[in-house]
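Reviewing the structure listed below.
The values are calculated or read from the model by the stated rules, or taken from the named source; none is laboratory data. This is a predicted model, so every value here is computed, not measured. In this analysis, Cβ positions are derived from the backbone assuming ideal geometry, glycine residues included, and neighbour counts consider all displayed protein chains. Note: areas computed on protein heavy atoms with side chains; ligands, DNA, RNA excluded. Shrake-Rupley method; radii C 1.70, N 1.55, O 1.52, S 1.80 Å.
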Amino acid sequence: MTASTRQALAIATAALTEISQTPRLDAELLMAHALGISRESLLLYHLDAPEPAAFAPLLARRVAHEPIAYITGTRTFWTIELAVGPGVLVPRADSETLLEAAVDHFRKRAPATILDLGTGPGTLLLAALDQWPGATGVGVDTSDVALDYAARNADALGLAARVRFSKGAWAEGLAEQFDLILTNPPYIGTSETLPDEVRDHEPDVALFAGPDGLADYRIIAPQLPALLAPGGAAILEIGATQAAAVTALLEAEGFAVALRHDLGGNPRALIATRRT
């Protein structure tokens, strides 16, 4: 007798408990994907439907530590949904802290120009462009795979006319100034331990930044003064132990720096502005 989706979800949740911090959510997202419906529709209308044949293979991939976003091919971030897959960093809710900080900074006026350094699949830039419909943006990345995802996401979201993507090493070659600069650079030390789903699947180039995790901040910080327009803000994601070190790098370039915590209470973003 075929199990119901309700029964299959209970079994899957138990199987995922040892490898995921959100086993029930993971199971529901996989089941919705197998059925070709939204999670909300699954929970409201389909819990007593037969388990689809596609569910077990998806569950097996998750049990093998493959990220949910790679399995389903999508990840919701801020107000948008992004296509993601192998070769790009999976957008994380903690990174929404940068958008929250930007919204606070630009309460009185909207940014007209936005730069995203290390844009990946367009995560921060496209979320910011959706937030401010009058803005235009530039996204830079070294990865052709990431830039392809970013371009496809911009097109799917109807933002392609307002964005330009280019291949490059951080801000090298950029001569413009921007009201808002966003960046989530690699900040993991090369000897740090990561969960299997991150270490074995997400691209090293988007994760690791030298022995202390600060290598890319040392490149980015000196580039920011020439890029930031008057009244603007550069907002950088950081690791939970890096606030003091990255603040020092930014202050050495003449910036005033404020710290923002994520919803878990961890240091997550630094807001750099020109000293007045």
Those helices (runs of 4 or more DSSP H) completely within the stretch 1-118 that have 3 or more residues that are modelled with pLDDT of 95 or more and under 22 Å from LEU236 (Cβ atoms) are 96-105
In the stretch 223-276, what residues are of a type in the set (Gly, Ala, Ser) and assigned to a strand (DSSP E or B)? ALA229, GLY231, GLY232, ALA233, ALA234, ALA256, ALA258, ALA269, ALA272
Can you pull out the residues in the stretch 202-222 that are crowded, with 21+ Cβ neighbours inside 10 Å and part of a helix (DSSP H, G or I)? ALA206, TYR217, ILE220, ALA221
Give all pairs with beta carbons closer than 7 Å in which a residue from the stretch 33-47 that is small (Gly, Ala, Ser) meets a residue that is surrounded by 15 or more Cβ atoms within 10 Å (Cβ to Cβ) and outside any helix (DSSP H, G or I); count only pairs at least 6 apart in sequence or on separate chains. ALA34/PRO52
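Considering ARG274, ARG260, which residue is touching a residue at least 40 places away in the same chain (Cβ under 8 Å), out of contact with any His (no Cβ under 6 Å at 6 or more places or on another chain), open to solvent by 50 Å² or more (accessible area, probe 1.4 Å) and over 17 Å from TYR187 (Cα atoms)?
Just a single option satisfies the conditions, and that option is ARG274.
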If I filter the stretch 55-66 for residues that are over 20 Å from HIS201 (Cα atoms) and more than 26 Å from the chain's Cα centre (by Cα), do I get at least one hit? yes
Considering only residues that are open to solvent by 60 Å² or more (accessible area, probe 1.4 Å) and of a type outside the set (A, V, I, L, M, F, W, C), which ones fall in the stretch 78-94? THR79, GLU81, PRO86, ARG92, ASP94
Within the stretch 125-164, can you find the residues that are under 27 Å from ARG109 (Cβ atoms), open to solvent by less than 10 Å² (accessible area, probe 1.4 Å) and part of a helix (DSSP H, G or I)? LEU125, LEU126, ALA127, ALA128, LEU129, ALA150, ASN153, ALA154
Restricting attention to the stretch 66-75, does a residue exist that is closer than 15 Å to PRO121 by Cα, surrounded by fewer than 21 Cβ atoms within 10 Å (Cβ to Cβ) and among the aromatic types (Phe, Trp, Tyr)? yes
Complete set of residues in the stretch 167-181 that are open to solvent by 50 Å² or more (accessible area, probe 1.4 Å) and assigned to a strand (DSSP E or B): LYS167
Scan of the stretch 78-99 for residues that are out of contact with any Phe, Trp or Tyr (no Cβ under 9 Å at 6 or more places or on another chain) and farther than 19 Å from ASP141 by Cα, ordered by number: TRP78, THR79, ILE80, GLU81, ASP94, THR97
Tell me yes or no: at least one residue of the stretch 182-194 is open to solvent by 20 Å² or more (accessible area, probe 1.4 Å) and either without any contact (Cβ under 8 Å) to a residue 12 or more places away in the chain or part of a strand (DSSP E or B) (or both). yes
